[in-house]
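Since the structure comes first, as structure tokens, the remarks are kept for the end.
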Amino acid sequence: MLKVIIDYDDVLNDCNQAAIEKLNKEEGTRFLLSDIHKWGITRTLLDKRIEYFKDPLFMSTVPLRKGAKKFIKQLSKRYEVFIATSVHPDCAGVRVNEIIHEFPCVRPENILIGQRKDLLMADVLLDDAYHNICSSLVKYPILYKRPWNEHITGIPKIESYEEFLNTLLILDRNKRPTYKNIFILVGPSASGKSSLVDKLMQKDCNISKTISYTTRPPRYRSEPYNFISVEEFNQLKKTNFFVETTEYKGAFYGTAYSDLEQFRYIGKKLIAIMDINGALNVKRHYPDNTSLLYIERPKEDCIRSILQRTISIDEIVSRISSIDEEQKNKKFCDYIIQNNKDLNNTVNEILHIMEDK
């Protein structure tokens, strides 16, 4: 049975939303939750809300998020659930009593209080604070999407309780897909994913790749993407055109349902390159068809390739700094492929996986 830790503040309740509403009422301001662009101090009047988190009376009035009770109840039926809270010491008693009352399916001894989430051991952690995710010792740390972490990319992130429950089903299956015809390559920048896709398609005419939609500008002529505006992307998303969408380094990416459905029924094998969130989204929709392959390349080789690219200094720094974090994503994948010096050996290894039923 998986041990699952769920953060309390802003995952199960609406702590910051309640604080902003109180601040607006007292100060006559018009702050929105989306105005919290980062974790911690903003050096604006918005910081005054942080003082409310030390007030037991205020903390006792913070409402739960819609569906939180049902979520924890569903979770408790399959897994051992822990609730963790970094509440101020003055509010610890109020918080424990609240959790016991609102979530009776969670044993009192499974209520964890304290700031040091980096010391907690479990299988899965769901938290809205990026620093808790990146320092976590748990096997599968997952970020809960909130305005203050929207800029974070390259790590598993979910935005609904249902999405989290479906992700746990994937992790809990403990087996590889039974009928494999969708293969997604995941890995850090410059790990060789594009070169592998090109070689695989040259060697096997039964392999095709998806043409993703993106809002980022083209880097060179004939680049294999459908380039559209942010407005067009959002409109397609509203019509459920995409099976998965993700944001990566300020641009949106999406894969059309029609692409995946087409290959499922004509018997071809589909290969795609996605970040970990796009890959997990596809696997949630097609768990028995989708294999995630993590492409691992020596860090120094990735850095060397990144430095040779004609991209901005900011993007170079961003790509290099994300390598270590993205390496943690291999735990979410079905296969880990070593892409060292011989590209042909790597291609043959992937072909063997594709052919193995």
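The values are calculated or read from the model by the stated rules, or taken from the named source; none is laboratory data. All values reported here derive from a predicted model rather than from experimental measurement. Counting neighbours? That spans all protein chains shown, and the Cβs are built from the backbone with ideal geometry, glycine included.
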* Quick one: in the range 26-47, which of the residues that are in a loop (DSSP other than H, G, I, E, B) and of a type in the set (A, V, I, L, M, F, W, C) is nearest to residue 152 (Cα to Cα)? -> 39
* Hey, does the range 46-54 have a residue that's in contact (Cβ under 8 Å) with a residue 12 or more places away in the chain, out of contact with any strand residue (DSSP E or B) (no Cβ under 7 Å at 6 or more places or on another chain) and farther than 20 Å from residue 94 by Cβ? -> yes
* Take residue 9 and decide whether it is buried (at least 20 other Cβ atoms within 10 Å of the Cβ), under 30 Å from residue 79 (Cβ atoms), under 22 Å from the mean Cα position of the chain (by Cα) and not hydrophobic (A, V, I, L, M, F, W, C). => yes
* Structure fact -> Picking from 340, 345, the residue that is over 27 Å from residue 218 (Cα atoms), at pLDDT below 90 and not aliphatic (A, V, I, L, M) would be 340
* Structure fact -> Residues of the range 75-84 being in contact with a helix residue (DSSP H, G or I) (Cβ under 9 Å, 6 or more places away or on another chain) and outside any strand (DSSP E or B), in sequence order, are 75, 78, 79
* Single residue of 240, 234, 226 found to be surrounded by fewer than 20 Cβ atoms within 10 Å (Cβ to Cβ), without any contact (Cβ under 8 Å) to a residue 60 or more places away in the chain, of a type in the set (S, T, N, Q) and over 26 Å from residue 291 (Cβ atoms) -> 234
* To do: Collect the residues in the range 136-171 that are touching a His at 6+ places or on another chain (Cβ under 8 Å) and crowded, with 20+ Cβ neighbours inside 10 Å, keeping them in residue-number order.
  => 148
* Asked: Residues in the range 214-229 that are in a loop (DSSP other than H, G, I, E, B) and among the polar types (S, T, N, Q): how many?
  -> 3
* Asked: Looking at residue 211, is it assigned to a loop (DSSP other than H, G, I, E, B), of a type in the set (A, V, I, L, M, F, W, C) and either more than 18 Å from residue 351 (Cα to Cα) or modelled with pLDDT of 90 or more (or both)?
  -> yes
* Structure fact -> Sole miss for residue 353 among (1) closer than 20 Å to residue 293 by Cα; (2) free of Cβ contacts under 8 Å to residues at least 12 places away in the same chain is condition (2)
* Determine whether the range 176-191 contains at least one residue that is in contact with a helix residue (DSSP H, G or I) (Cβ under 7 Å, 6 or more places away or on another chain), crowded, with 19+ Cβ neighbours inside 10 Å and within 26 Å of residue 33 (Cβ to Cβ). => no
* Would you be able to tell me the number of residues in the range 95-115 that are in a helix (DSSP H, G or I), among the β-branched types (Val, Ile, Thr) and touching a residue at least 12 places away in the same chain (Cβ under 8 Å)? => 2
* Of the residues that make up the range 182-202, is at least one free of Cβ contacts under 8 Å to residues at least 40 places away in the same chain, out of contact with any Pro (no Cβ under 8 Å at 6 or more places or on another chain) and assigned to a loop (DSSP other than H, G, I, E, B)? -> no
* Residue among 133, 72, 50 that is of a type in the set (A, V, I, L, M), outside any strand (DSSP E or B), surrounded by fewer than 21 Cβ atoms within 10 Å (Cβ to Cβ) and under 28 Å from the mean Cα position of the chain (by Cα) -> 50
* Considering only the range 234-249, state which residues are in a strand (DSSP E or B) and either in contact with a Pro (Cβ under 8 Å, 6 or more places away or on another chain) or closer than 22 Å to residue 287 by Cβ (or both). => 242, 243, 244, 245, 246
* Could you pull out the residue among 92, 84, 68, 129 that is of a type in the set (Gly, Ala, Ser), over 16 Å from residue 167 (Cβ atoms), assigned by TED's automatic domain parsing to the domain that holds residue 18 and without any contact (Cβ under 8 Å) to a residue 24 or more places away in the chain? => 92
* Can you name the residue in the range 300-318 that is touching a helix residue (DSSP H, G or I) at 6+ places or on another chain (Cβ under 8 Å) and surrounded by 15 or more Cβ atoms within 10 Å (Cβ to Cβ) and is also farthest from residue 196 (Cα to Cα) among such residues? -> 316
